[in-house]
Structures are given as structure tokens and as C-alpha cells.
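Values quoted throughout were computed directly from the atomic coordinates according to the rules given, and no laboratory measurement underlies them. Since this is a predicted model, take the numbers as computed values, not measurements. Heads up, the Cβs are rebuilt from the backbone with ideal geometry, glycines too, and the neighbour counts pull from every protein chain shown.
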Amino acid sequence: MRDEFCHFRCVKKEECGLLNTVQNATIPDERLKFCRHCEVEGCMQCVASKPGQESLEKCQQCMPGYSLTREGECEMHGVWVFVLIAAVAGVLLVFAIWWYLCVSSKPSVNEAGVQYGLECRARSRISQAGTSETYALSTNLMTTNVAGPGTMALFRFEFAILVWAITLLAVWMGFVYFVSSDLLILGNRPAESPQILCAAIKWGRQRQMELIWTKVSWMAFAYAFSFAGAICYGVQQTKMFARVSAEEEVMTRYVAILEGLPKMKGSENVEEILKDAVAQACEVEVVGVSVCWDFGEHREEVMHALEDAEEPSEGQGSANTTSR
């Protein structure tokens with residue numbers, strides 16, 4: 001019926017769409033015995049074909065962007081645009097293949113440069129400590145420090161995501177196996193006719209209420225497992241960073257941050273003073289010192305001074321021009 005869901009009326013073939021039935025369901029389906037919508041692509045309004053014709057329906061009015069053909073079909077406007085795009089893509093593909101073949105067939109005129117590039121690429125590869133051998137593809141990047149603890153943390157994160165997803169899926173499949181396989185088909189049962197659709201909706205609603213406890217239980221487990229897993233994951237990552245920093249050579253071993261230093265003037269050679277002090281106190285060779293100056297109270301003065309230093313005055317500009 002037109003205004004009532006899951007209410008039906010028996011009508012004759014020529015009465016499809018009439019007698020308060022669905023207005024645009026005007027095509028009688030001989031196989032399923034119901035009035036259905038038009039299946040002509042791009043059609044806005046269609047009618048049933050005459051007896052003996054191959055197609056069950058013909059279009060009377062097409063949607064915007066389509067034109068009506070003599071056969072009662074709807075043909076899309078602008079097909080030439082897609083044909084043109086395909087032609088241009090084909091030409092570009094042929095040109096790319098031709099260019100590649102031309103380049104690959106040319107003789108090498110700078111063999112030394114090629115060899116130098118290959119050597120640079122080989123040196124940029126990550127190799128095992130003390131050797132020039134690269135790591136095997138079977139290397140466990142979660143436990144082997146190949147490119148620093150950050151890389152190990154990345155692959156540990158990916159492994160944790162896989163474990164989390166597989167565990168939740170396994171628990172859900174356990175409900176499916178031990179409780180009911182209907183959990184896999186709720187909401188996706190096919191329906192060829194409105195009557196079958198209504199029956200599927202009624203069955204699905206009833207079955208959903210019967211199995212609602214499985215969804216609630218799974219969600220509770222997912223929340224608890226995710227929370228506990230996140231805590232364990234954070235602890236393991238922290239322990240890994242601490243172990244790698246203590247046992248292996250990492251960048252933090254070559255950098256020290258000094259805080260709480262006394263106030264010093266910019267006129268003093270602060271870098272050299274700190275370098276000598278650290279070298280004497282730690283008995284190590286200091287490569288360099290970078291000072292972070294606290295000039296918050298005089299920020300505007302410092303910024304103006306830097307701008308004046310970067311922009312030469314008019315007198316300097318004229319002098320440079322004269323000298324040239």
C-alpha cells in the first residue's frame with residue numbers, strides 16, 4: 001500500500017500503481033508476482049510493455065541528463081566526454097611507453113656518475129653493526145634495533161593493533177559458533193520482493209532482541225580488553241625505550257641538556273666557557289655547544305636589532321653600488 005508499511009493488496013496487472021498502491025511501482029513481475037519499480041536505467045517514469053515484447057517496461061520520461069530512445073531506453077548525455085578522456089589517457093600511455101623505451105635504449109654517457117650514485121645508494125642502506133651486510137627480510141623489527149627505538153616502537157604498535165583486532169574478531173566468532181550463526185546474517189538477508197523484505201525485517205527485529213545480550217557482552221569485553229591492552233602496551237613501550245637507551249648506542253648518548261645555568265652576558269664567549277667546563281667535569285671530548293638565550297624581556301629590542309642587521313642602510317647600498 002502507498003501510505004502503510006508492509007501492507008499489500010492483490011491487484012490485476014493493469015492495476016499496478018493504482019488503487020492506493022505504490023504509485024511508481026507500475027511494472028507487473030511475472031516471476032515474483034508483484035508490482036515492482038521500473039528497472040530502466042535513468043528513467044523517471046515508465047509503463048509496462050505490450051504483451052509479446054521482449055522487455056517488460058519502457059520509459060516514458062527520462063531523468064535530467066538522459067535522452068529517450070526509440071526502444072524506450074534512456075541514453076546518458078555527455079558520453080563523448082568519457083570517450084575523450086579515455087582517448088587522451090591512451091595517447092598519454094603510448095607516449096609514456098615510447099619515452100621509456102627511448103630513454104632505456106640510449107647508451108650510458110656517464111658511467112662514472114652512475115657508479116658513484118650506486119655507491120651512494122649502497123652506503124645509505126642500513127647495515128648490520130660492524131659489517132656492510134644488510135639485514136634480512138626476516139628480521140624481527142620489534143626486538144632488533146635496526147634504525148633506532150622509534151622504528152621498534154612503530155612495528156610494536158602495528159603488532160599491537162593486529163593482536164587487538166584479531167582478538168576481538170575471534171571473540172565475536174566464538175559467539176557465532178557457540179550461540180548462533182544468525183549473528184552473521186542479521187541485517188543483510190536478501191529480499192527480492194516487498195513481501196519477503198517485510199518478513200526479513202520482522203524476523204530480524206525479533207532475532208536481534210533475542211541475541212542482544214551477545215552484542216552487549218562483546219562490547220563490554222572489547223572495552224575492558226582495549227583498556228587493559230593499552231596499559232600493557234604503554235608499559236612495554238616504556239620498558240623497551242629504557243632498555244635500548246641503556247644497552248645500545250642511541251642519539252641520547254651523544255647529547256646532554258644543561259639547565260639551571262647562571263645568567264651570562266652575550267658579550268662573553270658562553271659556548272667556549274660551557275664547553276671547557278663540561279669537558280673538565282665529565283672528562284669527555286665536547287664537540288660543540290648550542291646556547292638557548294632567554295631574551296623574553298627584551299624580545300622587541302632583539303628582533304629590531306636582527307632586522308636592522310639583515311637590511312643594509314641606504315648609505316651602505318649606495319656605497320656598494322659605487323664600489324662596483
Those lysines that a straight Cα-Cα span of less than 30 Å connects to residue 106, excepting residues fewer than 8 apart in one chain: none
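Please rank 63, 209, fewest neighbouring Cβ atoms within 10 Å first, as an exposure proxy.
Ascending number of Cβ neighbours within 10 Å: 209, 63.
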From phi via Karplus (6.51, -1.76, 1.60), per-residue ³J(HN,Hα) for region 297-305 in Hz, x at Gly/Pro: 6, 10, 4, 5, 5, 5, 5, 5, 5
Sum of side-chain charges, residue 214 neighbourhood, beta-carbon under 14 Å (Lys, Arg +1; Asp, Glu -1): 0
238, 134 arranged by Cβ crowding within 10 Å, fewest neighbours leading: 238, 134
Calculated from backbone phi, Karplus (6.51, -1.76, 1.60) coupling profile of region 175-191 in Hz, x at Gly/Pro: 4, 4, 6, 8, 9, 6, 6, 5, 4, 8, 10, 5, x, 10, 6, x, 9
³J(HN,Hα), Karplus 6.51/-1.76/1.60, whole Hz, each residue of region 255-262, x for Gly, Pro: 10, 10, 10, 9, 10, x, 6, x
Residue order, fewest to most surrounding Cβ atoms within 10 angstrom, among 12, 265: 265, 12
Computed over region 149-247, Kirkwood Rh from alpha-carbon pairs, angstrom: 16.6 Å
Surrounding net charge for residue 41, when Lys and Arg each add one and Asp and Glu each subtract one, Cβ distance under 12 Å: -4
Listed residue pairs exceeding 26 Å between alpha carbons, taken from 33/58; 12/58; 33/215: 33/215
Additional length obtainable on full extension of the chain from residue 268 to residue 225, 0.36 nm per residue less Cα span: 9.6 nm
